[in-house]
Amino acid sequence: MNNSAQNDKYVFNFNFDEYLDIETYKQRGGFSALESALKEEQDNVIKKIKQSGLKGRGGAAFPSGIKLEMVNRAEGAEKYIICNADEGEPGTFKDRFIMTHIPYQLLEGITIAAYAAGAEKGFLYIRHEYPKPRKRMEQAIKELEEAGYLGKNILGSNFSLELQIFSGAGSYLCGEETALLASIEGKKGRPQIKPPFPTQSGYKGFPTLIHNVETLTNIPKIIEKGPEWYTSLGTDDSHGTKLISLSGDVKNRGLYEVPFGTSFHEIIYEYGGGPLEGHTVKAVNIGGASGVLVPPDRLHVSLEYGTCAEEEITIGSGAVFVLDERRDILDNVHNRVRFFLHESCGKCTPCREGLRQANILLERFRNAEASYNDLEKLERYTRVMQDASFCGLGQAAGNSLKTSFHYYRDEYISKIRNEEPAEVIA
Amino acid sequence: MNNNVEITLNGNKISVPAYISIMEAAKRNGINLPSLCHHPDQRVKAHCRVCVVEVEGRKNLVPSCSTQVADGMVIKTNTARVRETVKTIVELILADHPQECLTCIRNGNCELRQLSDKLGLTNIQAEPSVKRYPIDLSSSTLVRDNNKCIKCGRCAEVCHHVQEVGILYSHNRSTEICISPEYGKKLSEVSCVHCGQCVLACPVGAIYEKDETSKVWDAIQDPEKHVIVQTAPSIRVSIAEEFGLPAGNVSTGKLVSALRNLGFDKIFDTDFAADVTIMEEGNELLQRLKTGGTLPMLTSCSPGWINYIEQYYPELLAHVSSCKSPQQMFGALAKTYYSKVSGIPAEKIFVVSIMPCTAKKYEAQREEMRDSGFQDVDVALTTRELGRMLRSTGTDFSTLPEGQYDEPMGDSTGAAAIFGATGGVMEAALRTVYEVLTGEELKKLEFEEVRGMEGVKSSTVDIAGSPVKVAVAHGLSNAKKILESIKSGKADYTFIEVMCCPGGCIGGGGQPYGSTNARRQERIEALYRLDKDMELRKSHENPAVKKLYDDFLGCPLGETSHKLLHTHYSDRSA
Ligand SMILES: Cc1cc2nc3c(=O)[nH]c(=O)nc-3n(C[C@H](O)[C@H](O)[C@H](O)COP(=O)(O)O)c2cc1C
Ligand code: SF4
Ligand code: SF4
Ligand code: SF4
Ligand code: SF4
């Protein structure tokens, strides 16, 4: 199911066995978007992004055009752009792919976005565990600087962009934008209070545009082919395509560019070839560790921001992990709770203590020593964690728990020692 | 900012200023939302999450401390969802907290305990997860018990942003998170100035002063000992708060009676020593001016401040007045002058001070503070420790009779009274220096420009035709500003008063819990009222002080003064 090189239905135009060099990228129209953008007013570029309806692909799905405009309009002696390549969500490998296969398209996107936002300095915040993509990006930045696409007076214009690579601090939480900012500033990578949002006060207090790798890599195509072309992809609700990192118990694991509107069933059965021979799908985890568990009978839901929000499915970074009947749901949920417990910064109570308790309680369920009251507690702590945590980590840490209570309640009940529902405890 | 917005709070439509938080809006309209990490004088942290409320249109609950009101906002603070959440959060905190209330130093005034009571929490269902950390007893003044820490961050905030000493950090992540000096060091291994502001900030019993009340009880019980007590200027306007009375009460007479009830043999006043300090310090300033000594001269009565400059700016020590603090002048005089006058041998005299300050404990123990031939001050208790002693003896503060300080170290002036407020030492010194230099009577005693809570204040005073530029700083972050300006040669002041704690001694780290800036302001006003109502308001007019010089010391800066009342400092930088 690889996407063919010049297909007009796709934004990424990659081949898996191809590692694009700068010349090939140029031959395929590379940098034409940058050239034309630099000749336009910044507001025009912003307008096109707005018209395209592009939304952030890092998880929060905030409209990119609006963010660009906010940074453009913000007061600041300097402005910054940060490309978030922390890619910490387990089961997600799209940003790594972009960086190793099509680094120029990403850098072109960064440069156009920086121009529109009015940012002349920036960082590429690359996950600590990604030394190879980092090397590739270092090299690509150098090539672009030499070719005049980056650095001082890009393509003879007044616009300059100084781009630096920053190696992530090695924690999942550093992908959260305010923690990321703290980490670049040399502080502990913990989330900060919003507002102020980074668009007003980001790196060192300057207005800062923070976008995910995938979001930025969309931009050259939107400029090159126009927002109308972009809105023709996907659905009325969600334009364009989404990179899906498909893994788990499915025949064809890998990375797919999927137009919005495709159902999760199609993603798993057509793109992924369905479950492994002789096995059946038991659950699908959508959105990575911070995502939800979806039972097979809900896979008809289509990949769309609006629909998924209604169905309480988190698209997140686009990770889809298939679990077949051999997997234990409680195992899976417990692993994730342990992951978050390890990654929590610990500063707010619901996340720190809620995860601590969830870990203890899940252990008890897995040992078949739990009670009904334990289930009540686990549900209550999960709700509080989701509802009252400081940042997205704690808020999302309960997603898989919550959906597991809803769709896989039997698995919990079967682990309860005393089958009699306990008296309500005051 | 006069803009108001309309909000709906639990169904009530109200108009509130646009820039305030939901928490503040609720407070102004009859609802105190719970909070643990929030402190009215600190930046908002939003860590503890017990202040969450429901806001229409928001998916999640929002913290009321960090969320600003907006026009049309519909807020609910007591829905089932909010109540269950808040209660659960407190339950989660308690599961990770030793249940030692009955024997805890904060038993009567712990914010966590009060919150648990307020919420009617009767059952902790969460699994107990308390880990045992060793209690840090290494500091000579403070105890840190990490087991009781609820990770609110208030201590670190005050240490970094109010004091800018910055030795408390939050380390590690997840359930291992820990607030302590860097790399988990002990308090004695870092350059702590013993100011105790972290103690005041802590909502629970995780940092507190080393309690020395039993030493005092033992001394009182010992028939061989003549136990005398001195009370710092600021205690008389704060001790009542230890009994739940409002801030800003002047309770000098009741304080004296309370101490007499405890069994002290003599009740003296540090204010007497404060007047002596002015005599010595004023004359030192005049001498520096005459002989071209190091200027600006910096005051030396605040031991936390002395710790700070010794550890962080030792290169500027020559600026610091050689005068001991009033506490230590008192101690040295008690075991010499008072011993002589009373005929009680110095080795039998046991000097207790009631101080607003934890650094006073450190100061009393310094090697330099033994000029009487003995440890000049035996025990320095904080206001809180005195409160504890008094409560344990059934003291009903409000109905105590009005007592009188004893002779010969009980008389004082209004100048000494205001020592407890930021700017007070400066004002007291100016009253005396002016009259000594000009030989004329000062017409207006109030130096308004050096009063008040502003961090750094300055003024130019005309003395005998020459302008004298003075400055006042309180809180070490402000002291730092002054020191930096001296270092860069930009400080053209003659005399600078520095107090370690915000508001001066009335805001010291040994004062009653709940010492917010608003309360500090009330205490300051009480001191100025006290000064205004006094007959004598200038240190050099204190008859007991005159007698001290006539009978014992000779003259200010004389040989005996030099031996007993002055000291030296050392470079203690790490
Ligand atoms: C715990 C946590 C981890 C995150 N990790 C990442 C990440 O690895 N990469 C990323 O692009 N965004 C991550 N985000 C989202 C960012 O905070 C931010 O919303 C995003 O970088 C904005 O880019 P976008 O508008 O292009 O989505 C994370 C958020 C949270 C709460
Ligand atoms: S939700 Fe978790 S990761 Fe986020 S601030 Fe709270 S403790 Fe830290
Ligand atoms: S700190 Fe408060 S809650 Fe904790 S043991 Fe002491 S009194 Fe009880
Ligand atoms: S006593 Fe003062 S300097 Fe020491 S830790 Fe507390 S706030 Fe910091
Ligand atoms: S020691 Fe006290 S003030 Fe400091 S974080 Fe712990 S509970 Fe808060």
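Read phi for every residue in the range A:66-73 and hand back ³J(HN,Hα) as whole Hz from Karplus 6.51 cos²θ - 1.76 cosθ + 1.60, θ = phi - 60°, with x for Gly and Pro.
Couplings: 5, 4, 4, 5, 4, 5, 4, 7 Hz.
Using θ = phi - 60° and the Karplus relation 6.51 cos²θ - 1.76 cosθ + 1.60, list the HN-Hα couplings for the range A:92-100 in order, rounded to whole Hz, with x at every Gly or Pro.
Taking θ as phi minus 60°, the curve returns 10, 9, 6, 5, 4, 4, 4, 5, 7 Hz for the range A:92-100.
Given Cα pairs under 8 Å that are at least 6 residues apart, what percent is the relative contact order of chain A?
So the answer I get is 15 percent.
Placing +1 at every Lys and Arg Cβ and -1 at every Asp and Glu Cβ, with all other atoms neutral, what dipole size does the range B:94-209 have around its Cα centre, in debye to the nearest 20?
Once rounded to the nearest 20, the dipole reads 120 debye.
Between B:K59 and A:R326, what is the label-point separation in nm under the 7 Å Cα-to-beta-carbon projection?
The answer from the label model is 3.5 nm.
Taking all pairs of different Cα atoms in the range B:4-78, averaging 1/r and flipping that mean, what Kirkwood radius in angstroms comes out?
Result for the range B:4-78 stands at 12.2 Å.
What do you reckon, how do B:T413, B:T291 stack up by accessible area (1.4 Å probe), largest on top?
B:T291, B:T413
May I ask for log10 I(q)/I(0) of the range A:241-324 at q = 0.12, 0.13, 0.25 Å⁻¹, from a Debye sum over the Cα atoms as equal point scatterers with solvent left out?
-0.27, -0.32, -1.31
Please give the charge dipole size of chain B, origin at the Cα centre, charges +1 on K and R Cβ atoms and -1 on D and E Cβ atoms. Round to the nearest 20 debye.
Rounded to the nearest 20 debye, it is 1780 debye.
Non-local amide H neighbours of A:E120 (under 5 Å, H modeled in plane, Pro and chain starts lacking H): which ones?
A:K79
Please compute the volume of the convex hull spanned by the alpha-carbon atoms of the range B:226-565 and report it per residue in Å³.
Roughly 121 Å³ of hull volume per residue.
Pop out the ³J(HN,Hα) list for the range A:30-46 in order, Karplus 6.51 cos²θ - 1.76 cosθ + 1.60 with θ = phi - 60°, rounded to Hz; leave Gly and Pro as x.
x, 6, 5, 5, 4, 4, 6, 4, 5, 8, 9, 5, 4, 4, 5, 5, 4
To the nearest 10 Å², what's B:R132's accessible area with a 1.4 Å probe?
Probe radius 1.4 Å; accessible area of B:R132 about 150 Å².
Full extension from B:D265 to B:E440: what is 0.36 nm times the residue separation minus their Cα-Cα distance, to one decimal in nm?
Gain on stretching B:D265 to B:E440: 58.9 nm.
Using only Cα atoms, what is the ratio of the radius of gyration of the range B:94-209 to 2.2 N^0.38 Å?
1.06
Indicate the gyration tensor shape class of the range A:218-261 (rounded, prolate or oblate), computed on the Cα atoms with a ≥ b ≥ c the square roots of the eigenvalues: a/c under 1.5 is rounded; otherwise a/b larger than b/c is prolate and the rest oblate.
Because a/c hits 1.5 or more and a/b exceeds b/c, the range A:218-261 counts as prolate.
List the residues, sorted by chain then number, that are 5 or more residues from A:K55 or on another chain and whose placed amide H is less than 5 Å from its amide H.
Distant-sequence amide H within range of A:K55: A:S64.
Can you give the mean number of other chain Cβ atoms that lie within 10 Å of the Cβ atoms in peptide B:85-96?
Per-residue shielding by partner chains comes out at 5.
Of B:A544, B:V425, B:N283, which is farthest towards the positive pole of chain B's charge dipole, taken about the Cα centre with +1 and -1 on the beta-carbons of Lys, Arg and Asp, Glu respectively?
B:V425
Residue farthest toward the positive end of the dipole of chain A, with Cβ of Lys/Arg at +1 and Asp/Glu at -1: which of A:G392, A:N367, A:C308?
A:G392
Mind checking the alpha-carbon convex hull of the range A:53-209 and giving the volume per residue in Å³?
Dividing the Cα hull volume of the range A:53-209 by its residues yields 111 Å³.
Along the three principal axes, how long is chain B when you take its alpha carbons, biggest first, rounded to the nearest angstrom?
If we take the Cα atoms of chain B, the spans are 76, 57, 49 Å.
Translational diffusion coefficient of the range A:1-110 at 10 °C, 1.306 mPa s, Stokes-Einstein with Kirkwood Rh over Cα pairs, in µm²/s as a whole number. Can you show the working numbers first?
Numbers: Rh = 15.9 Å.
Answer from the Stokes-Einstein relation: 100 µm²/s.
Based on Cβ point charges of +1 for Lys and Arg and -1 for Asp and Glu, what charge dipole magnitude is obtained for the protein assembly as shown about its Cα centre, in debye rounded to the nearest 20?
The dipole of the protein assembly as shown has a size of about 380 debye.
In the range B:347-431, which GluC sites (Glu not before Pro) are in a loop and have at most 16 other Cβ atoms within 10 Å, using DSSP for the loop call?
Counting only loop positions with at most 16 other Cβ atoms within 10 Å, the GluC sites (Glu not before Pro) in the range B:347-431 are B:E367, B:E368, B:E402.
How many nm separate the modelled label positions at B:R28 and B:E484, each set 7 Å beyond the Cα in the direction of the Cβ?
The answer from the label model is 3.3 nm.
Leaving ligands, DNA and RNA out of it, work out the accessible area of A:H239 with a 1.4 Å probe and give it in Å² to the nearest 10.
Counting only protein heavy atoms, A:H239 exposes about 40 Å² to solvent.
Which entries in A:K187/B:K76; B:K45/B:K481; A:K9/A:K402; B:K360/B:K487; A:K135/A:K188; B:K59/B:K148 show an alpha-carbon gap greater than 29 Å?
Pairs exceeding the cut-off: A:K187/B:K76; A:K9/A:K402; B:K59/B:K148.
What FRET efficiency, computed as 1/(1 + (r/R0)^6) with R0 = 56 Å and r the Cβ-Cβ distance, is obtained for B:Q365 and A:Q51, rounded to the nearest 0.05?
For B:Q365 and A:Q51, the calculated efficiency is 0.15.
Relative contact order (percent) for chain B, with alpha-carbon contacts under 8 angstrom and 6 or more residues of separation? Before the final figure, lay out each step's value.
Values: 1140 pairs, mean separation 88.8, N = 574.
Over chain B, the number comes to 15 percent.
Using only protein heavy atoms and a 1.4 Å probe, report how much of A:R136 is accessible, in Å² to the nearest 10.
Surface open to solvent at A:R136 totals about 40 Å².
Rounded to the nearest 10 degrees, what's the angle between the helix B:517-532 long axis and the longest principal axis of chain B, both from Cα atoms, 0 to 90?
Long axis of B:517-532 versus the principal axis of chain B: about 30 degrees.
Between 0 and 90 degrees, rounded to the nearest ten: what's the tilt of helix B:424-438 against the longest Cα principal axis of chain B?
It is inclined by approximately 30 degrees.
Which three semi-axes in whole Å describe the equivalent ellipsoid of the range B:33-138, each the square root of 5 times a Cα gyration tensor eigenvalue, listed largest first?
Square roots of five times the eigenvalues give 29, 17, 12 Å.
Between helix B:476-487 and chain B, what is the angle of the helix's C-alpha long axis to the longest principal axis, kept within 0 to 90° and rounded to the nearest 10?
With rounding to tens, the tilt is 50 degrees.
Scan the range B:1-62 for GluC sites (Glu not before Pro) in coil per DSSP, keeping those whose Cβ has at most 11 other Cβ atoms within 10 Å, and list them by number.
Numbers: sites: B:E6, B:E24, B:E54, B:E56; in loops: B:E56.
Passing sites in the range B:1-62 are B:E56.
Around A:F166, which amide H atoms from residues at least 5 apart in sequence, or from another chain, sit under 5 Å from its own amide H, with H modelled in the peptide plane?
Here A:L124, A:Y125, A:I126 satisfy the definition.
Within the set B:K215/B:K546; A:K67/B:K27; A:K67/A:K251; A:K194/B:K151, which residue pairs have Cα atoms separated by over 31 Å?
As for pairs spanning more than 31 Å Cα to Cα, those are B:K215/B:K546; A:K67/B:K27; A:K67/A:K251.
Take every Cα-Cα distance within chain A, group them into 10 Å bins from 0 onward, and report for each bin the whole-number percent of pairs it holds.
Final binned percentages: 5, 22, 30, 25, 13, 5, 1, 0.
What are the semi-axes of the equivalent ellipsoid of the protein assembly as shown, taken as the square roots of 5 times the eigenvalues of the Cα gyration tensor, listed largest first and rounded to whole Å?
64, 34, 23
Modelled label-to-label distance, B:A318 and A:D410, 7 Å Cα→beta-carbon offset: nm?
Here the answer is 8.7 nm between the modelled labels.
The values are calculated or read from the model by the stated rules, or taken from the named source; none is laboratory data. Just so we're clear, the structure is a prediction, and the values are computed from it rather than from any experiment. Reconstructed Cβ throughout: ideal geometry from the backbone, glycine too, with neighbour counts over all protein chains shown. For the accessible areas, the whole protein counts, side chains as well, though only heavy atoms, and no ligand, DNA or RNA atoms are used. Shrake-Rupley method; radii C 1.70, N 1.55, O 1.52, S 1.80 Å.
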